[in-house]
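The structure appears below as structure tokens.
The values are calculated or read from the model by the stated rules, or taken from the named source; none is laboratory data. The structure presented is a predicted model; accordingly, all values stated were derived computationally and were not measured. Methodologically, a virtual Cβ is constructed for each residue, glycine included, from the backbone with ideal geometry; neighbour enumeration extends over all protein chains shown.
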Amino acid sequence: MHILFLSDNFSPEVNAPASRTFEHCREWVRAGHRVTVITGAPNFPSGKVFPGYRNRLWQLEMMDGIEVVRVWTYITANAGFAKRTLDYLSFMVTGFLAGLVQHRPDVIVGTSPQFFTNCAAWMLSVFRRRPFVFELRDLWPESIKTVGAMSDSAALRLMERLELFLYRRATAVVAVTESFRRNLVARGIDGDKIHVVTNGVDLTRFAPMVRDPELAERLGLADKFVAGYIGTHGMAHALETVLETAALMRAHPEGARVRFVLLGDGARKQALKVIAEQEGLDNVLFLDTVPKSEVPHYWSLLDVSIIHLKKCDNFTQVIPSKLFECMAMGIPVLHGVAGESADIVERDDVGLVFEPENAEALCAGVLRLAEDHALYQHLRAHCLEAAPRYDRTALARGMLGVLEGIAGSRRQVSNPLKLKA
């Protein structure tokens, strides 16, 4: 089977869509299938093309057996709604054109968050007469309204109609949460064609690791209790709450040995650094995005991981993928996301849940895990016990089963002799 996959994020980028797509496609290649990924030059989230790449009209690359076609896009930093929309639209056009010349795909997959990628995938399915699968990673454009990037308007309502059009035209929808499935069913999408394949973790890359002594010494963290956030510093993440917690921590005697690390980039990073400087938060350390191969070493610096999103109904439906990386590393989580992901934290007993945007609750959680050694070890043990249930290899095979079923059904329908048999 030849799988044609469109994604505007892909390795060596290290955000959740890039990691999930790469790890799934790698497993499909190992299972004996041909996989072609159409993407752009890696640049997320800074808007600067990674070393070794150029923003060309067309580039070919082989990555772990995956055929990667990189096309030109309008590149911009992950900030500013208008410029990002131009980025998305440019990939829709060039990704579609690149898809027209790929050799006989059996199934075409487009992934969100933004759905212009799926517009290209759907158009390719029409021109190539192949089934289209919509991988649903975020309820876009609802999330645009949630973070305040765009208010309710005729344009937003038009995008919502386009969103529903794509769900209806898809042969199958692969959602990353049960909440997304319920949302679509409530909006009239056929539940029989919606499959849930959650996010997970590559257990070959993420495993318990002793704190890197050289790195810890260089960053001044060798003898500290480190609470860290690793990921995109965007509007949705409300990381001002972490800075408020760092300010509160200075009033506690135990807080003197606590440090907060924020690693990553995004639309809000510079503003967060300005706030930290104005408040004199010398217990906060900002680190830039690091190459994918180095990420586990930075995870090893953390005693606890902070996972946080804005307090709003939309985000109760998401499951941040970093939750599973924490489990695999044996790092207890302080989880400031309500809903389905909080249920996982409590059910698997891998951390403490706190109310989103509640700095006092986060501060109390950090202090509790810093002081209660028995609780800390209990949560750590449960992280390692739970991680294999979210093994990316098994999840990739689950999604592959959906794609194989769709491609197989199409081949049967296109072969009338086979139907008569």
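Data table
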| item | result |
| --- | --- |
| Residue check for residue 219: surrounded by fewer than 22 Cβ atoms within 10 Å (Cβ to Cβ) and over 25 Å from residue 348 (Cβ atoms) | yes |
| Looking only at segment 181-206, and only at residues there that are closer than 30 Å to residue 382 by Cβ and more than 19 Å from the chain's Cα centre (by Cα), the one that is surrounded by the most Cβ atoms within 10 Å (Cβ to Cβ) | 183 |
| Residues that are modelled with pLDDT under 85 and among the polar types (S, T, N, Q), drawn from segment 385-418 | 409, 412, 414, 415 |
| Filtered residue count, segment 42-68, keeping only those that are under 17 Å from residue 90 (Cβ atoms), surrounded by fewer than 20 Cβ atoms within 10 Å (Cβ to Cβ) and among the hydrophobic types (A, V, I, L, M, F, W, C) | 3 |
| Index of the failed condition, residue 217 passing every other in (1) over 25 Å from residue 357 (Cβ atoms); (2) within 25 Å of the chain's Cα centre (by Cα) | (2) |
| Residue list for segment 13-67, filter: within 20 Å of residue 107 (Cα to Cα) and of a type in the set (Val, Ile, Thr) | 21, 29, 35, 36, 37, 38, 39, 66 |
| Selection count, segment 223-265, where residues are within 20 Å of residue 16 (Cβ to Cβ) and of a type outside the set (A, V, I, L, M) | 9 |
| Enumerated helices (runs of 4 or more DSSP H) restricted to segment 255-341, each holding at least 1 residues that are free of Cβ contacts under 8 Å to residues at least 60 places away in the same chain and not assigned by TED's automatic domain parsing to the domain that holds residue 24 | 269-279, 322-329 |
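A quick yes/no check of all residues on (1) among the hydrophobic types (A, V, I, L, M, F, W, C); (2) closer than 16 Å to residue 241 by Cα:
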residue: 310; (1), (2): no, yes
residue: 326; (1), (2): yes, no
residue: 331; (1), (2): yes, no
residue: 363; (1), (2): yes, yes
residue: 368; (1), (2): no, no
residue: 371; (1), (2): no, no
